[in-house]
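The values are calculated or read from the model by the stated rules, or taken from the named source; none is laboratory data. What you are looking at is a predicted structure, and each value in this text was computed from that prediction instead of being measured. Methodologically, a virtual Cβ is constructed for each residue, glycine included, from the backbone with ideal geometry; neighbour enumeration extends over all protein chains shown.
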Number of protein chains: 2
Amino acid sequence: MPLPDRNRRIVLAAVPVGLPLESDFLLEEAALPTCPTGGLLVRSVWISVDPYLRGRITGRRSYVDPILTGSVMESGAVGEVIESRHPAIGVGAFVTGMWGWQDYAAVEAEKVLRLDPAEAPIQTALGVLGMPGMTAYFGLTELCAPKAGETVLVSGAAGAVGSAVGQIAKILGCKVVGTTGTDSKVQYIRSLGFDGALNYRTDQPYPEALARLCPNGIDCYFDNVGGELTDAAMTLMNFRGRVAVCGQISQYNDRSKDVGQRPFTEILVKQLRVEGFIVTRWAARFPEGRKQMATWWKEGRLRNEETITDGLENAPKAFIGLFRGENTGKALVRL
Amino acid sequence: MPLPDRNRRIVLAAVPVGLPLESDFLLEEAALPTCPTGGLLVRSVWISVDPYLRGRITGRRSYVDPILTGSVMESGAVGEVIESRHPAIGVGAFVTGMWGWQDYAAVEAEKVLRLDPAEAPIQTALGVLGMPGMTAYFGLTELCAPKAGETVLVSGAAGAVGSAVGQIAKILGCKVVGTTGTDSKVQYIRSLGFDGALNYRTDQPYPEALARLCPNGIDCYFDNVGGELTDAAMTLMNFRGRVAVCGQISQYNDRSKDVGQRPFTEILVKQLRVEGFIVTRWAARFPEGRKQMATWWKEGRLRNEETITDGLENAPKAFIGLFRGENTGKALVRL
């Protein structure tokens, strides 16, 4: 099959103000990249949209450099090798890497991970066996370190990370309560084995709703959301409770200041430990995490829902949908 | 010398609303307590007033049961044994315990620690070699774990805990910045070796004032104060910084809610660890901490200022003064 001669890619057109708009992104065409010496040319099969990308398009340095306007939206992707100048990875192999929202990419072999389609569907490398899965596994086990019988609260519980957190906590013998935004997601997380679920749009006020769901208080809080839900969770934390701060999706698009109840008196009086994390902290241990998650997945103890959008051109829409709660489980774009 | 027949003691008369008033306390007279079997009768020589006592007179359970109205104000004290029914502790010995704001107390021998007046002035058992000293030592070394060359910020830096924290951090090779409330306290903490000092009443706005004092950011924040100073400190924390939450004195008397900048986005993006603590967590290690602090104190590397008020009847005034910033170093009442 002759190689195509054009490459479509989505670049950041403007730094979004508040909730990103489709017009903040631009679909452009460029020449097909050249397979680098010792590297690969890949055709994207799946690309990932993740809430953390909002932090990368603020125009400011956060924990990594920002994606600048005019640059391709960098994110996780899975693709098939269509040309190889690497001795060990042939044409037809499937790999995952960070080449982002484009049809084709030239990548260095050291920057991709080879996938075995016989082991698990290749797109799980962007979800339960990839970054969101590692985020759930290491964030929960290392920072919350839940003990059997403890109560674990996870916010954003129907998302790629939250749904994995809740299921891992159940495997570890905890009572698990999740928060999410629709009744169908409440049903979804209950079907995963969650003991309780709060619909943040309807189950208010939060302190009373959470107190009903967590009659023994909260020992571990895995927070993807922030805002008033977190205010309420902090008041219910138990003595020596642990909070893993994984995301603050309620705040990502808000230009105003994140003003609310300060948590420090709760932290003091109950001797809480609150820690924020980016999963790359445990990069050296990803093989261990991937092995454990793959084992649970193959045993059927870890289910993963996917919300699939078709077409590269629809990646911005799928991304924006994350902030509207349009996805259940991992949000993916299929090319 | 015949024993006296009356005992003066200060009891909680009313749960304070906001800043405590002298009328929230009552000086009452009672019969001299009887020396218990196997125990001691002590005459108070020094009694302690500490900010944490505010949390014990709210009428609500916090990390310990509240002091109820009509009960003696329980707090640290140092006294001389005037009657003994214990084989190893004779009349004339000095001991420290938690018998609180009263002239005389009957105590169990197991609940006091014997002091050696030749080693250090006996009232240091309420300050640098006692609870405040242990709070500084364990809170800083265990939760902040500062490394040489790092920047340590301590709020409430001229108080009993804060002044010890800053000096320990200097011994450990850190750059140390403190916050306090008067120019004379700024001079005091500079005389202790602090590299920088912020007067929170005059050096505003805090973010800019702190940024000038901490040009390399803040690696460790030992917080005694909370409120807007803490909001500002959080924005200057460095990647993987540590925050030890020891006190929130700016909030103890405020009946309104503690509303301000939520810290969770800073915690997330910089992967901060924030932990609250009560020093009794390390009670089993107090002998180790006391030994290290006593060594530094004898070497002259750890200075301790005292603000002394005379007369049991003035204990409420000395206590209230803590919240007005009237003390430098350890606030003590001498009987």
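So, in the stretch A:209-224, of the ones that are touching a helix residue (DSSP H, G or I) at 6+ places or on another chain (Cβ under 9 Å) and not in a strand (DSSP E or B), which residue ends up nearest to the other protein chains (Cβ to nearest Cβ)?
A:N224
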**Message:** Under 6 Å between Cβ atoms, which residue pairs at least 6 apart in sequence (or on different chains) link something in the stretch A:204-224 that is within 18 Å of A:F239 (Cβ to Cβ) with a partner that is basic (K, R)?
**Reply:** A:C220/A:R242
**Asked** Of all residues in the stretch A:68-79, which are buried (at least 21 other Cβ atoms within 10 Å of the Cβ) and either within 14 Å of another protein chain (Cβ to nearest Cβ) or of a type in the set (A, V, I, L, M, F, W, C) (or both)?
**Response** A:M73, A:A77, A:V78
**Complete:** When every residue in the stretch A:230-257 that is among the aliphatic types (A, V, I, L, M) and under 22 Å from the mean Cα position of the chain (by Cα) is compared, the one nearest to the other protein chains (Cβ to nearest Cβ) is A:V245
**Prompt:** Within the stretch B:258-273, restricting attention to residues that are assigned to a helix (DSSP H, G or I) and at the interface with chain A (Cβ under 7 Å from one of its Cβ atoms), which residue is surrounded by the fewest Cβ atoms within 10 Å (Cβ to Cβ)?
**Reply:** B:V269
**Asked** Mind checking whether some residue in the stretch B:94-109 is surrounded by fewer than 18 Cβ atoms within 10 Å (Cβ to Cβ), closer than 23 Å to B:R334 by Cβ, in the same structural domain as B:S75 (by TED's automatic domain parsing) and of a type outside the set (G, A, S)?
**Response** yes
**Prompt:** Within the set of pairs 6+ apart or on separate chains, which have a first residue in the stretch A:274-285 that is more than 7 Å from chain B (Cβ to nearest Cβ), a second that is at pLDDT 95 or above, and C-beta atoms under 6 Å apart?
**Reply:** A:V279/A:M134; A:V279/A:T135; A:W282/A:F138
**Complete:** With the first residue restricted to the stretch B:1-27 and required to be without any contact (Cβ under 8 Å) to a residue 12 or more places away in the chain and in a strand (DSSP E or B), and the second required to be exposed (fewer than 13 other Cβ atoms within 10 Å of the Cβ) and of a type in the set (F, W, Y), Cβ contacts under 9 Å at 6 or more apart or on different chains are none
**Complete:** Flagged in the stretch B:38-52 as more than 14 Å from chain A (Cβ to nearest Cβ) and either modelled with pLDDT under 95 or over 22 Å from B:F323 (Cα atoms) (or both), in numbering order, are B:G38, B:G39, B:L40, B:L41, B:V42, B:R43, B:S44, B:V45
**Item:** Qualifying position, being surrounded by fewer than 18 Cβ atoms within 10 Å (Cβ to Cβ) and touching a Gly at 6+ places or on another chain (Cβ under 6 Å), among B:N216, B:N199, B:N253, B:N224
**Value:** B:N253
**Message:** Just the residues that are surrounded by 13 or more Cβ atoms within 10 Å (Cβ to Cβ) and either outside the structural domain of A:R54 (by TED's automatic domain parsing) or in contact with a strand residue (DSSP E or B) (Cβ under 9 Å, 6 or more places away or on another chain) (or both), please, taken from the stretch A:17-37.
**Reply:** A:D24, A:F25, A:L26, A:L27, A:E28, A:A30, A:L32, A:P33, A:C35, A:P36
